[in-house]
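Each value in this text was obtained by applying a stated rule to the coordinates, not by laboratory testing. None of the values given here were measured: they were computed from a predicted structure. Neighbour counts are summed over all protein chains in view; Cβ atoms, including those assigned to glycine, are modelled from backbone coordinates with ideal geometry.
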Amino acid sequence: MKELISAEKISKRIKAIARKINRDYKGKQPIFIGVLNGSFILIADLVRELKVDCEIDFIKLSSYGDEKISSGEVKLLKELNCQIKGRDIVLIEDIVDTGLSVSYLRKLILKEKPASLRFVTLLYKKDICKIDFEIDYIGFEIENEFVIGYGLDFAQKYRNLKAVYVLQE
Ligand code: IMP
């Protein structure tokens, strides 16, 4: 594996995103929703940099299994426990690849009539992502390569690595 983004760079970027969220949500009490499993490290690091009051919940979608490409199908494996209606929602993803998962989540959450909905992702594969809405807070735009570490897995391994690596053949 080859290091793509160092732990130091990730940490700096998360602090910058947290500063922006602190400004954007001043006086509000957003609910941060982490998409399991991949976002567990990002949400833990991000919320500890926040000064706004925040609530935290998790949702779980089907993963790639042991594959490196999306099956093109999204399944809900764990529902939310919080009330969305009238609340400011910030959805936290580890990576936006094809955009299928965030599109699915956006529809699901908008149905519940939140006051607002924004998205955070650590990584964004700009060349293959096909969505018609904006990802509000992006850590890093990356090429179309399979990456691991900092929460991201391949066949459930490597999530514990502190940096992000490209998994080479
Ligand atoms: P999307 O629905 O294609 O945008 O993919 C979103 C989900 O696929 C992410 O939350 C990850 O769980 C997984 N995924 C996409 N690309 C990668 C990758 O490069 N490494 C590890 N997991 C990935």
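Worth pointing out:
- Distance distribution P(r), the chain, all Cα-Cα pairs, bin width 5 angstrom from 0: 2, 8, 19, 23, 22, 15, 8, 3, 1, 0 percent.
- Relative to the 2.2 N^0.38 Å rule of thumb, segment 73-143 has a C-alpha radius of gyration ratio of 1.11.
- Extension gain for Glu3 to Ile131 (0.36 nm times residue separation, less C-alpha to C-alpha distance): 43.3 nm.
- Cβ-Cβ FRET estimate between Lys26 and Glu79, R0 fixed at 22 Å, reported to 0.05: 0.15
- Adding -39500 (n - 2.57) for every DSSP H run of four residues or longer, then dividing by how many residues the chain holds, sets the calculated 222 nm ellipticity at -7000 deg cm²/dmol.
- Counted charge near Leu100, where neighbours are those whose Cβ lies closer than 10 Å (Asp, Glu -1; Lys, Arg +1): -1
- For segment 123-167, the C-alpha radius of gyration divided by 2.2 N^0.38 Å, with N the number of residues, is 1.25.
- Karplus-derived 3J(HN,Hα) values for segment 103-115, using 6.51 cos²θ - 1.76 cosθ + 1.60 with θ = phi - 60°, are 5, 4, 5, 4, 4, 4, 6, 4, 4, 8, 6, x, 5 Hz; glycine and proline are entered as x.
- Along segment 45-53 the Karplus relation, 6.51 cos²θ - 1.76 cosθ + 1.60 evaluated at θ = phi - 60°, assigns HN-Hα couplings of 6, 5, 5, 6, 9, 8, 10, 6, 5 Hz to successive residues, with x for each Gly and Pro.
- Rounded, prolate or oblate (a/c below 1.5 giving rounded, otherwise prolate when a/b exceeds b/c) for segment 1-90 by Cα gyration tensor: oblate
- Top of Leu122, Leu100, Leu108 by mean-square fluctuation, Gaussian network on the chain, Cα under 10 Å: Leu108
- Counted by Cβ distance under 10 Å from Tyr25, the other residues give a net charge of +3, where Lys and Arg count +1 and Asp and Glu count -1.
- Relative to the Cα centre, the charge distribution of the chain, modelled as +1 at Lys and Arg Cβ and -1 at Asp and Glu Cβ, gives a dipole magnitude of about 660 debye.
- Centroid-to-centroid separation of segment 5-30 and segment 136-169 [C-alpha atoms, Å]: 19
- Other residues whose C-beta falls under 11 angstrom from the C-beta of Ile128 contribute a net charge of -1, scoring Lys and Arg +1 and Asp and Glu -1.
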